[in-house]
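Structure, as structure tokens:
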Amino acid sequence: QVQLVESGGGLVQAGDSLRLSCAASVHTFTDYIMGWFRQAPGKERDFVATISRDGNFRSYADSVRGRFTVSRDNAKNTVSLQMNSLTPSDTGVYYCAARTGSFTLYRDRYTDWGQGTQVTVSS
């Protein structure tokens, strides 16, 4: 298992940028594919981005592609989500997730989750 702690959320205005970080407490961080998901009020938790173990492969939801960038630092056991050109529709709780096994976008295949960090974008 891996313990995940997100940070970096906050209240910003539309058009602003924000960078989320997730610190993983685990012996071998490179065993894990890392993902970001978000949950808006009253909605399901949706896929945002994922990154492979070595950081060479990334995938994004259509709604964030071109605005968000996921990256990881395997030396520091961290994964980050750089969010640019934020809009009110990006508002929600952002969760970091981890899984071993194959690269996937599917929420239910991630086994470890952080507590989430709130991102609120005002218009």
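The values are calculated or read from the model by the stated rules, or taken from the named source; none is laboratory data. This is a predicted model, so every value here is computed, not measured. Virtual Cβ from ideal backbone geometry, glycine too; neighbours counted across all protein chains shown. Ligands, DNA and RNA are excluded from the accessible area calculation, which covers all protein heavy atoms including side chains. Shrake-Rupley method; radii C 1.70, N 1.55, O 1.52, S 1.80 Å.
What the Cα atoms of the stretch 49-100 give is an Rg and a Dmax of 11.6, 34 Å.
Using a Gaussian network model of the chain in which every pair of alpha carbons under 10 angstrom is joined by a spring, one finds that among A14, A97, A24 the greatest mean-square fluctuation is at A14.
Around the Cα centre of the chain, unit charges on the Cβ atoms of Lys, Arg, Asp and Glu (plus for the first two, minus for the last two) sum to a dipole of about 120 debye.
Projecting the Cα atoms of G116, G42, T69 onto the dipole axis of the chain, where Lys and Arg carry +1 and Asp and Glu carry -1 at the beta carbon, places T69 farthest toward the positive end.
Dipole orientation for the chain: of the candidates V2, A23, S102, S102 has the Cα lying most toward the positive pole (charges on Cβ; Lys, Arg +1; Asp, Glu -1). Three principal axis extents of the chain based on alpha-carbon atoms, in descending order, are 41, 27, 24 Å. Looking at the chain, the accessible area is 52 square angstrom per residue; that uses a 1.4 Å probe and ignores ligands, DNA and RNA. Using a 1.4 Å probe on the protein heavy atoms only, what accessible surface does E44 show? Give it in Å² to the nearest 10. In the full protein context, E44 sits at about 130 Å². With both labels modelled 7 Å from their Cα along Cα-to-Cβ, the S25 to A40 distance reads 3.4 nm. A 1.4 Å probe, protein heavy atoms only, puts the accessible area of D16 near 60 Å². Here the 3J(HN,Hα) profile of the stretch 30-44, calculated from phi with Karplus coefficients 6.51, -1.76 and 1.60 at θ = phi - 60°, is 6, 6, 10, 7, 10, x, 10, 9, 9, 9, 7, x, x, 10, 6 Hz, Gly and Pro shown as x.
Under 5 Å between amide hydrogens, built in the peptide plane, is the criterion, and for Q3 it picks out S25 among residues at least 5 positions away or on other chains.
Phi angles of the stretch 3-13 translate, via the Karplus equation with coefficients 6.51, -1.76, 1.60 and θ = phi - 60°, into HN-Hα couplings of 9, 10, 10, 8, 8, x, x, x, 9, 9, 9 Hz per residue; Gly and Pro are given as x.
In the stretch 15-56, the portion of solvent-accessible area held by carbon and sulfur atoms comes to 41 percent [1.4 Å probe, whole percent, DNA, RNA and ligands not counted].
Pull out a ≥ b ≥ c, the square roots of the eigenvalues of the alpha-carbon gyration tensor of the stretch 73-123, then state rounded if a/c is under 1.5, prolate if not and a/b is larger than b/c, and oblate in the remaining case. In terms of gyration-tensor shape, prolate. Quote the relative contact order of the chain in percent (integer), defining contacts as alpha-carbon pairs under 8 Å separated by 6+ residues. Worked out over the chain, it gives 36 percent.
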